[in-house]
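The values are calculated or read from the model by the stated rules, or taken from the named source; none is laboratory data. For clarity, every value in this text was computed on a predicted model and none was experimentally measured. Positions of Cβ are generated from backbone atoms using ideal geometry, with glycine treated the same way; all protein chains shown enter the neighbour counts. Keep in mind that these areas ignore ligands, DNA and RNA; they rest on the heavy atoms of the full protein, side chains included. Shrake-Rupley method; radii C 1.70, N 1.55, O 1.52, S 1.80 Å.
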Amino acid sequence: EFSENASHEMQTPLAIIRSKLDVMIQDTSLNENQFNSIRSLYDAVNRLAKLNQSLNLLTKIENQEFTQKEDVNISRLIIRQLDNLKELIESKSLQVHSDIEKDILVQINPFIADALISNLLINAIKHNWENGEISIELIREKLTIKNKIGRAHV
């Protein structure tokens, strides 16, 4: 309860800081050093906001607030997430090799499934090298997402 309340209370000040930094960034009279300093602050606030969201999610998982389960088509979810991350994949010139069996259904909370697949794919992209590869395999009983960096598999 404490973590959930603390996370909720942090959202408002973070939103206020982000809003004020947005306004400051729009100021055309800023010199380059000032702009870079504000941009750095903005990035730090965004990291804090993401950390806050993660804390809130972990608290909800710990409190077993995601008990509603339904059939989630993991095949479609992966394909949709890859499409959403297309620009990020292209920005690192990554090659994605996928072997995704159609219509794999899993009994899971849809929010948790979406967060899980998103997190796995984003980590595979973020922790990869320029011109690296990502391999995705989904079969009935197994999902594998691998970074292929040179000869090493991560």
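What are the pairs with Cβ atoms under 9 angstrom where one residue, in segment 2-19, is under 15 Å from R47 (Cβ atoms) and the other, located anywhere, is among the aromatic types (F, W, Y)? Sequence gap at least six, or different chains.
Every condition considered, the pairs that remain are I17/Y42; R18/Y42.
Hey, any hits in segment 58-66 for a residue that's touching a residue at least 12 places away in the same chain (Cβ under 8 Å), closer than 23 Å to N109 by Cβ and touching a helix residue (DSSP H, G or I) at 6+ places or on another chain (Cβ under 6 Å)?
Yes: segment 58-66 contains one or more residues that are touching a residue at least 12 places away in the same chain (Cβ under 8 Å), closer than 23 Å to N109 by Cβ and touching a helix residue (DSSP H, G or I) at 6+ places or on another chain (Cβ under 6 Å).
From the residues in segment 41-62 that are among the small types (G, A, S) and open to solvent by less than 50 Å² (accessible area, probe 1.4 Å), which one is nearest to S3 (Cα to Cα)?
Ranking the candidates gives A49 first.
Quick check: is even one residue across segment 76-98 under 30 Å from S3 (Cα atoms) and either over 18 Å from the mean Cα position of the chain (by Cα) or small (G, A, S) (or both)?
no
Here is a list of conditions, (1) under 30 Å from K60 (Cα atoms); (2) of a type in the set (K, R); (3) open to solvent by less than 80 Å² (accessible area, probe 1.4 Å), and R140 meets all of them except one; can you say which number that is?
Only one criterion is unmet by R140, namely (3).
Tell me, please, whether a residue that is closer than 20 Å to I112 by Cβ and of a type outside the set (A, V, I, L, M, F, W, C) can be found in segment 14-33.
Looking through segment 14-33, none of the residues is closer than 20 Å to I112 by Cβ and of a type outside the set (A, V, I, L, M, F, W, C).
E65: open to solvent by 60 Å² or more (accessible area, probe 1.4 Å), of a type in the set (D, E) and outside any helix (DSSP H, G or I), yes or no?
yes
For L116, indicate whether it is in a helix (DSSP H, G or I), within 30 Å of S19 (Cβ to Cβ) and either over 18 Å from the mean Cα position of the chain (by Cα) or at pLDDT below 95 (or both).
Here the answer is no, as L116 does not meet what is asked.
Can you tell me how many residues within segment 61-75 are in contact with an Asp or Glu (Cβ under 8 Å, 6 or more places away or on another chain) and within 26 Å of I145 (Cα to Cα)?
Residues meeting the conditions: 2.
Give I38, I78 a once-over and let me know the one that is under 16 Å from F111 (Cα atoms), modelled with pLDDT of 90 or more and open to solvent by less than 100 Å² (accessible area, probe 1.4 Å).
Only one candidate qualifies: I78.
Checking the condition closer than 26 Å to L58 by Cβ, open to solvent by less than 100 Å² (accessible area, probe 1.4 Å), touching a helix residue (DSSP H, G or I) at 6+ places or on another chain (Cβ under 8 Å) and charged (D, E, K, R), which residue from D114, D71, D103 passes?
On inspection, the qualifying residue turns out to be D114.
Please tell me if G150 is open to solvent by less than 30 Å² (accessible area, probe 1.4 Å), more than 30 Å from M10 (Cα to Cα) and at pLDDT below 95.
It is false that G150 is open to solvent by less than 30 Å² (accessible area, probe 1.4 Å), more than 30 Å from M10 (Cα to Cα) and at pLDDT below 95.
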